Amino acid sequence: MVTGLWALRRHGLCQTPDPHQVHLLVPHQREVGSAGFALVERTTRLPNAVIRDGLPIAPVHRAVLDGARRIRDFDVVQGMLAEAVQRRRCTPEQLDRELSRGSQRGSAIPRRALQALLQGAESVAEADAWEVWKHSGLPAAEWNVSVFDRHGGFIAKPDAWCEDVAFAWEIDSRNYHEGGDHYATTLARNARYSAAGIVCLQTLPSRLRTEPAVVITELRDTYAAACARPRPPVTCRR
């Protein structure tokens with residue numbers, strides 16, 4: 001069956017490098033090797049194939065890790081894993097189990113990239129935010145939980161949430177939020193935060209890498225502001 005980058009493309013995922021070889025899985029007892037464009041991997045853990053246009057394809061959680069183990073660029077690997085999770089093609093837990101059961105060769109980068117996803121991040125920007133938060137010294141945040149007002153009305157699903165003080169952190173892309181309906185949606189979300197008494201900090205994704213120290217200062221100051229006022233009667237749940 002096909003695995004790795006070509007398999008991911010067959011699954012409809014696009015955050016991958018251009019594949020130069022067709023990566024194939026065959027049963028371990030088969031005495032066949034790689035040749036030309038075909039990268040043949042013998043395995044004792046042949047997964048159940050997914051059929052795409054008559055072609056047997058490895059499931060996403062296996063295909064993405066088979067591809068990631070051969071890539072040395074952390075950002076590329078994180079983008080691949082994040083897309084698979086964000087588009088609901090597999091769960092972080094499936095990736096974690098596959099990493100634990102499979103070959104440990106080439107697993108260091110995927111394992112590092114998976115940590116933020118296991119904590120609830122669902123994108124590269126959220127994974128960057130998780131890294132920044134980790135160095136802030138603030139209490140652990142929850143990621144992508146839904147927040148409701150005192151009447152049970154939905155407020156928002158912040159990227160990061162501090163339940164103890166009702167503090168929300170949103171990683172807002174300028175390109176996404178300035179356009180048409182997205183801008184109106186963002187304004188409506190912010191109005192709901194304000195009406196519910198929630199303290200919210202908005203951060204551009206690019207700043208997570210270009211000025212993480214400044215973002216950490218903003219996080220600490222905003223968290224302190226949230227601590228200084230009575231906590232509003234809001235709740236969260238996954």
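The values are calculated or read from the model by the stated rules, or taken from the named source; none is laboratory data. Note that the structure is a prediction, hence the values are computed from the model and not measured. Positions of Cβ are generated from backbone atoms using ideal geometry, with glycine treated the same way; all protein chains shown enter the neighbour counts. Remember, those area values only see protein heavy atoms, side chains included, never the ligands or the DNA or RNA. Shrake-Rupley method; radii C 1.70, N 1.55, O 1.52, S 1.80 Å.
Brief remarks on what is shown
- Shown in residue order for the stretch 202-215 are the 3J(HN,Hα) couplings computed by the Karplus curve 6.51 cos²θ - 1.76 cosθ + 1.60 at θ = phi - 60°: 10, 9, 6, x, 4, 5, 4, 9, 7, 8, x, 5, 5, 4 Hz (x for Gly and Pro).
- 14 Å beta-carbon shell around residue 101, net charge (K/R +1, D/E -1): +2
- Rounded FRET efficiency, nearest 0.05, which uses the C-beta distance separating residue 100 from residue 35 and R0 of 35 Å: 0.65
- Evaluated with a Cβ-only charge set (Lys, Arg +1; Asp, Glu -1), the stretch 1-98 carries a dipole of roughly 200 debye about its Cα centre, given to the nearest 20.
- The 3J(HN,Hα) values that the Karplus relation (6.51, -1.76, 1.60; θ = phi - 60°) gives for the stretch 30-37 are, in residue order, 6, 8, 9, x, 5, 7, x, 7 Hz. Gly and Pro appear as x.
- Dividing the summed -39500 (n - 2.57) terms of all DSSP H runs of n ≥ 4 by the residue count of the chain sets its mean residue ellipticity at 222 nm at -12500 deg cm²/dmol.
- Solvent-accessible area of the stretch 121-238 (1.4 angstrom probe, protein heavy atoms only): carbon and sulfur portion equals 55 percent.
- The residues neighbouring residue 156, those whose beta-carbon lies less than 9 Å from its own, together hold a net charge of +2 under the Lys/Arg +1, Asp/Glu -1 convention.
- Integer Hz, Karplus 6.51/-1.76/1.60 couplings in order for the stretch 2-8, x for Gly and Pro: 7, 9, x, 5, 5, 5, 4
- Size of the stretch 108-157 as Cα extents on the principal axes (Å, biggest first): 46, 22, 15
- Note on the chain: the C-alpha convex hull projects to 15.2 nm² when averaged across all orientations.
- Global geometry of the stretch 137-238, whether rounded, prolate or oblate, following the gyration tensor of its Cα atoms and the 1.5 cut on a/c: oblate
- Restricting the chymotrypsin sites (Phe, Trp or Tyr not before Pro) of the stretch 35-142 to loop positions (DSSP other than H, G, I, E, B) with no more than 14 neighbouring Cβ atoms within 10 Å leaves 37.
- Antiparallel beta bridges, as assigned by DSSP with both residues in the chain, represent about 55 percent of the total such bridges.
- Amide H to amide H, with H built 1.01 Å from N, residue 199 comes under 5 Å of 168, counting only residues 5 or more places away or on other chains.
- Rounded to 10°, Cα long-axis angle of helix 124-134 versus longest principal axis of the chain: 60 degrees
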